[in-house]
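Below: the structure, in structure tokens.
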Amino acid sequence: GAGVSQSPSNKVTEKGKDVELRCDPISGHTALYWYRQRLGQGLEFLIYFQGNSAPDKSGLPSDRFSAERTGESVSTLTIQRTQQEDSAVYLCASSLKGLAGEDQETQYFGPGTRLLVL
Amino acid sequence: AQKVTQAQTEISVVEKEDVTLDCVYETRDTTYYLFWYKQPPSGELVFLIRRNSFDEQNEISGRYSWNFQKSTSSFNFTITASQVVDSAVYFCALSDYSGNTGKLIFGQGTTLQVKP
């Protein structure tokens with residue numbers, strides 16, 4: 001596909017369960033970002049990947065959140081022992097390159113995964 | 001610290017009216033980028049524009065125009081002759097170079113409702 005894709009589009013889970021959210025970036029994009037959008041709010045940065053490395057994890061809200069990226073492509077965001085406050089839309093974005101000092105490439109966003117924790 | 005403020009939470013206009021969405025930012029970086037994204041009811045963020053901090057020229061794209069003023073740290077967005085399809089949440093964002101990542105700092109968004 002031409003754009004960023006995410007799966008699942010919707011996820012309902014029970015408190016305490018683990019969930020995995022997947023992101024497929026645009027082919028050839030080395031930078032990948034995860035953001036969280038709570039209802040009626042702006043986007044909050046979670047984690048940044050350059051290639052398969054994550055030089056900035058500063059936005060992850062707790063150690064229940066983790067993410068990995070493989071093959072400089074697909075990324076998975078994992079939330080362990082989900083809590084109700086984790087309910088949000090999780091958005092993934094990719095850009096051609098995201099390093100400071102170079103041209104800031106535009107981030108293109110996927111449709112998001114709506115997570116509801118009951 | 002970097003910050004983006006969109007003071008207008010909701011704006012309602014009648015079709016064909018012009019509307020301006022305000023964005024004020026704070027940054028210590030000398031080089032930075034500003035962005036506007038549109039989020040229609042479907043939820044997917046749509047890129048509208050990217051502006052480099054060294055380029056203060058205003059830009060026009062069809063019914064859309066942007067006014068970037070470094071002196072007031074503002075990057076306002078105007079829609080001329082609004083249409084119902086313009087109804088969406090609009091986000092202004094600032095690139096954060098402090099962590100050498102290019103991550104975006106978003107404002108809280110402005111919900112625009114265009115009534116027929």
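Some observations on this one:
- For q = 0.10, 0.12 Å⁻¹, Debye-computed log10 I/I(0) when each Cα of the range A:28-118 counts as one equal scatterer: -0.25, -0.36
- Two-site FRET efficiency, A:Lys15 against B:Val24, from Cβ-Cβ distance with R₀ of 45 Å, rounded to 0.05: 0.70
- Length available on full extension from B:Val84 to B:Thr111: 0.36 nm per residue minus the Cα-Cα distance, which gives 8.4 nm.
- Note on the protein assembly as shown: Rg/Rh from Cα positions, Kirkwood definition for Rh, rounded to two decimals, is 0.97.
- Cβ-Cβ FRET estimate between A:Glu85 and A:Ser7, R0 fixed at 22 Å, reported to 0.05: 0.45
- Compared with the rule-of-thumb size 2.2 N^0.38 Å for a compact globular protein, the range B:15-79 has a Cα radius of gyration ratio of 1.18.
- Of the residues B:Val46, A:Val12, ranked by 1.4 Å probe accessible area with the largest first, the sequence reads A:Val12, B:Val46.
- Vicinal HN-Hα couplings computed from phi for the range A:53-60 (Karplus, 6.51 cos²θ - 1.76 cosθ + 1.60; Hz; Gly/Pro x): 9, 10, x, 9, 10, 5, x, 5
- The range A:49-80 versus the range B:35-63: alpha-carbon centroid distance in Å: 27
- The 3J(HN,Hα) values that the Karplus relation (6.51, -1.76, 1.60; θ = phi - 60°) gives for the range A:78-91 are, in residue order, 10, 10, 9, 6, 4, 10, 4, 6, 7, 4, 4, 9, 9, 10 Hz. Gly and Pro appear as x.
- Neighbour count of at most 16 Cβ within 10 Å plus DSSP loop: longest trypsin sites (Lys or Arg not before Pro)-free window in chain B: B:64-116
- Kirkwood-type radius of chain B, with distances r between different C-alpha atoms, in Å: 14.4
- Inter-chain Cβ neighbour count for A:108-115, averaged per residue, equals 3 (cutoff 10 Å, partner chain atoms only).
- Cα-centre dipole for the range A:1-99 with unit charges at Cβ (Lys and Arg positive, Asp and Glu negative), debye to 20: 100
- Each Lys or Arg adds one and each Asp or Glu takes one away; over the other residues whose Cβ falls under 12 Å from the Cβ of A:Arg36, this sums to -1.
- Each chain gives up part of its surface: B and A jointly bury about 2000 Å² of accessible area, both sides summed, for a 1.4 Å probe.
- Net charge in the neighbourhood of A:Ala88 (other residues with Cβ under 15 Å of its Cβ; Lys, Arg +1, Asp, Glu -1) is +3.
- Diffusion coefficient, µm² s⁻¹, Stokes-Einstein with Kirkwood Rh over alpha-carbon pairs of the range A:2-44 at 4 °C and 1.567 mPa s: 102
- Relative contact order (%) - criterion: Cα under 8 Å, at least six apart; region: the range B:14-77: 35
The values are calculated or read from the model by the stated rules, or taken from the named source; none is laboratory data. Since we're looking at a predicted model, the values are computed, not measured. Reconstructed Cβ throughout: ideal geometry from the backbone, glycine too, with neighbour counts over all protein chains shown. These accessible areas exclude ligands, DNA and RNA; they are computed on the full protein's heavy atoms, side chains included. Shrake-Rupley method; radii C 1.70, N 1.55, O 1.52, S 1.80 Å.
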